[in-house]
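Notes for the one structure printed next.
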Amino acid sequence: MAYSKDDPTYYDRALLKKPVWEWDIPAYYYLGGAAGAALTLGAAAQLAGDRRLDDYIRHCHWIGILGSTVGGALLIHDLGRPSRFFNMMRVFRPTSPMNVGAWILAGAAPLGMITAMFTRSRRKGVGHFIGELSGYGAGLFGLGLAGYTGVLVGNTVVPVWHESRRVLPFLFYGSAVASAASILNLTYDNPHTNRINAVFGTAGRLLELAAARVMERQAARVPQVAKPLTEGSSGILWKSSAALTLASVVVSLIPPNSKTKRRMAGLLGTLGAICLRMAIHSAGIASAEDPRASFHLQRARI
């Protein structure tokens, strides 16, 4: 867009520097979210006290362990040196989403591992107590891990993220639940737990779709801010995410309740969740590079 006196910018130069995060950060969003939701689901299943859920609980914890471990490796890769991650843990700063997130990530995987070692022991004793307690702790850390990244990106000055800051945590939570349920659809099959997983996954996908629509409306209050959600590669990813997630909901609700149908719903849900994380990342870069988005947002507030 050429410079116009009716729509002035500073010589068409971007007001902000674009985020320097690369592919490993949206991958971390996905893996960390799925891991956190799986750990939370595992802790919730523990509360039921049903021995038939033992294997399901263990499976949830292993998804949490693998997701948080690989996600942590991706985060450290983006930081460049492991020491930068550990430096964030020299202090605890509740007002910093990044600092709080580092502590959450550092606690989730170890607690999940302890739970996997001792969880649901048949014999009452110290091991059983440690497994139960660490499982609940992992669930609490998982609850934070599932959604803190939504708070993190909303706490920036990137126009499309900042204008959506109130709904981004709900969007990330919904997508995290959908991601965990989709992974379970693809990797675990048990008649007793399939219904639990179906309710859990459908709730997450519906929350994701609803939050995405709210995000569009919030960003569209300043039309220039919402453009990355409708145009370019970020717009394609955003629309693809909605279509795939909606298709996953439809497939999961179609009878009969077959293994093939569950896997199809899981595959569609997984692709939708990945597209969503990539869309949010790509939209942030496009929004930061757009000089008019920042200027229009400032003028709208005035």
Report the Cα centroid-to-centroid distance between the stretch 191-232 and the stretch 82-104 in angstrom, as an integer. 29 Å
With Cα atoms, 0 to 90° folded angle of helix 168-187 axis to the chain main axis: 40 degrees
Cβ-placed point charges (K, R +1; D, E -1), dipole of the chain about Cα centre in debye, nearest 20: 480 debye
Among all the aspartates and glutamates, which ones have a C-alpha under 16 Å from residue 18's C-alpha, if same-chain residues fewer than 8 places away are not counted? 78, 289, 290
Within the stretch 6-109, trypsin sites (Lys or Arg not before Pro) in DSSP loop having at most 16 other beta-carbon neighbours inside 10 Å: 13, 17
Order these peptides, 130-138, 252-260, 145-153, by their mean beta-carbon neighbour count within 10 angstrom, highest first. 145-153, 130-138, 252-260
Would you mind calculating the gained length between residue 199 and residue 220 on full extension (0.36 nm times residue separation, minus the Cα-Cα distance), in nm to one decimal? 4.4 nm
If you take the square roots of the eigenvalues of the alpha-carbon gyration tensor of the stretch 21-155 and sort them as a ≥ b ≥ c, do you get rounded (a/c under 1.5), prolate (a/b over b/c) or oblate? prolate
On the formula 1/(1 + (r/R0)^6), with r taken between the Cβ atoms of residue 95 and residue 258 and R0 of 41 Å, the FRET efficiency rounded to 0.05 is 0.25
Just order 33-45, 272-284, 229-241 by mean Cβ neighbour count inside 10 Å, highest at the front, would you? 33-45, 272-284, 229-241
Between 0 and 90 degrees, rounded to the nearest ten: what's the tilt of helix 232-253 against the longest Cα principal axis of the chain? 30 degrees
In Å and on Cα atoms, what radius of gyration and Dmax does the stretch 157-302 show? 16.8, 58
How far apart, in nm, are the 7 Å Cα→Cβ label points at residue 187 and residue 14? 3.5 nm
So what's the net charge close to residue 218: Lys and Arg +1, Asp and Glu -1, counting the other residues with Cβ under 13 Å from its Cβ? +3
List the aspartates and glutamates whose Cα sits under 13 Å from the Cα of residue 261, skipping any in the same chain fewer than 8 residues away. 189
Under a Cβ-only charge scheme (Lys and Arg +1, Asp and Glu -1), can you give me the dipole magnitude of the stretch 10-78 about the Cα centre, in debye to the nearest 20? 120 debye
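With a cut-off of at most 15 other beta carbons within 10 Å, and DSSP calling the residue loop, which chymotrypsin sites (Phe, Trp or Tyr not before Pro) in the stretch 36-109 qualify? Please list them.
Filter output for the stretch 36-109: 92.
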Calculated FRET value between residue 289 and residue 55, using beta carbons and R₀ = 45 Å, to 0.05: 0.40
Compute the angle between helix 24-48 and the longest alpha-carbon principal axis of the chain, please, reported from 0 to 90 degrees and rounded to the nearest 10. 40 degrees
Students often check this: by mean Cβ neighbours within 10 Å, which of 220-226, 205-211 ranks highest, and how do the rest follow? 205-211, 220-226
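So, with +1 on the Cβ of K and R and -1 on the Cβ of D and E, and no other charges, what is the size of the charge dipole of the stretch 219-302 about its Cα centre, to the nearest 20 debye?
I would put it at about 280 debye.
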For the chain, rounded, prolate or oblate, judged on the Cα gyration tensor with a ≥ b ≥ c (square roots of eigenvalues), a/c < 1.5 rounded, else prolate if a/b > b/c? oblate
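Where a number appears in this text, it was derived from the coordinates with a stated rule and is not lab data. Computed from a predicted structure; not experimentally measured. Because the Cβ atoms are built from the backbone with ideal geometry, glycine has one as well, and the counts that use them run over all protein chains shown.
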